[in-house]
Every structure is written in C-alpha cells, then in structure tokens.
Amino acid sequence: MRMILSSTLALLIGTGTALAFPTEEVPTAEPAYLAKVKTAAPAEIVAKASIVMMQDGKSRSLQTGTNGYTCLISPDGTPLCADENGMAWWKAVGSKSDPPNKIGFIYMLAGDTGTSNHDPYQRASHQHWVQTGPHVMIVGPAAKTMAGYPRAADADPTKPYVMWPGTPYEHLMLPVK
C-alpha cells in the first residue's frame with residue numbers, strides 16, 4: 001500500500017511540474033541558472049552537454065560537453081538544449097540571418113514562455129500567440145517538406161504543428177508528456 005501511495009504521489013508531483021511553464025526570468029546567479037537550464041532536456045543529455053550563460057553580452061561556459069548538445073536559457077527565459085545544427089538554427093533566428101540547410105533537434109521540456117506564431121520577431125505584439133508546454137523541435141528544411149502538420153498561425157499547442165509557417169525559420173513543434 002505504501003508503495004502504491006508513493007508511486008501515485010510521485011506521478012502527481014511529476015505531472016504537476018511538467019504542466020508548469022517557465023518564467024521569463026533569466027537567473028544571474030550560477031546555481032539558479034544551472035537549476036533552470038537542467039529542466040530543458042533529459043538528465044542524461046544535460047549531464048554531457050555544454051552549458052553556456054550569457055553575461056554582459058558574452059557567452060560564458062559553465063560546463064564543457066561531450067555529446068554535441070548545448071544548453072542555455074534564451075533571453076525570454078526559456079531553457080533549451082540543442083544539437084549542433086539546432087544551435088546554428090537558433091543563432092540564425094537571433095541574428096535574423098539565413099538558417100542553415102541542415103536538420104536540427106531542440107529540447108524544451110520545461111515548455112516555453114510564449115511567442116507570436118506568425119513571425120519570430122513580433123513577440124511583443126501577442127498576435128497569434130502560442131505557448132507550448134513540454135516539447136521538442138525539429139528545425140531546418142525538414143519542416144517545409146513534412147506533410148500533415150497544421151501550418152496555421154492560430155495553432156493548437158497541445159498537438160504537433162508548424163511554428164512560424166511561411167518564414168525561413170518554420171519548424172516542427174512536437175509536444176511531449
């Protein structure tokens with residue numbers, strides 16, 4: 001009986017945590033930053049990933065990785081971990097440059113803080129606002145060729161959809177539990 005109760009409690013606590021969205025805060029203290037960034041991906045990914053923190057406009061390494069993933073907290077407070085191609089895509093969005101012609105993968109298992117789904121640079125407008133819970137992303141040219149996923153600006157973030165459809169940065173959003 002005690003085992004069943006403990007298992008049920010662990011499931012409920014885990015479920016409650018998974019449904020919460022991250023705050024827009026980007027911690028400046030290293031321990032708080034590490035705690036938040038570790039919510040982005042499975043522990044085995046984060047443990048072997050590079051972890052970077054932006055300070056005074058410069059990237060500072062907190063952990064050197066061995067698995068090809070980089071984890072960070074974006075300026076809007078969203079923790080993420082991306083493979084090399086996903087990171088190149090992420091940087092292209094940030095610099096408004098052409099994204100690489102490579103398929104990449106990004107974890108956002110803490111969810112995101114929300115954005116406009118029609119234009120990556122219109123977050124403040126709150127037009128076609130979408131906030132997605134725990135998810136992974138497939139970025140790069142694959143999203144343009146994957147049929148069967150909704151491409152509407154008013155997406156249902158509880159189901160797979162294409163974010164920023166019709167822009168160079170369109171990508172597949174895959175909610176997970």
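A compact table of results
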{"read-out": "Those residues of segment 150-177 which are in contact (Cβ under 8 Å) with a residue 60 or more places away in the chain and open to solvent by 20 Å² or more (accessible area, probe 1.4 Å), in sequence order", "value": "Pro168, Val176, Lys177"}
{"read-out": "Residue within segment 43-59 that is in a helix (DSSP H, G or I) and of a type in the set (Asp, Glu) present", "value": "yes"}
{"read-out": "Conditions (1) of a type outside the set (D, E, K, R); (2) open to solvent by less than 70 Å² (accessible area, probe 1.4 Å); (3) in contact (Cβ under 8 Å) with a residue 40 or more places away in the chain; number of the one not met by Thr23", "value": "(2)"}
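The values are calculated or read from the model by the stated rules, or taken from the named source; none is laboratory data. Because the structure is a prediction, the values reported are computed rather than measured. Positions of Cβ are generated from backbone atoms using ideal geometry, with glycine treated the same way; all protein chains shown enter the neighbour counts. These accessible areas exclude ligands, DNA and RNA; they are computed on the full protein's heavy atoms, side chains included. Shrake-Rupley method; radii C 1.70, N 1.55, O 1.52, S 1.80 Å.
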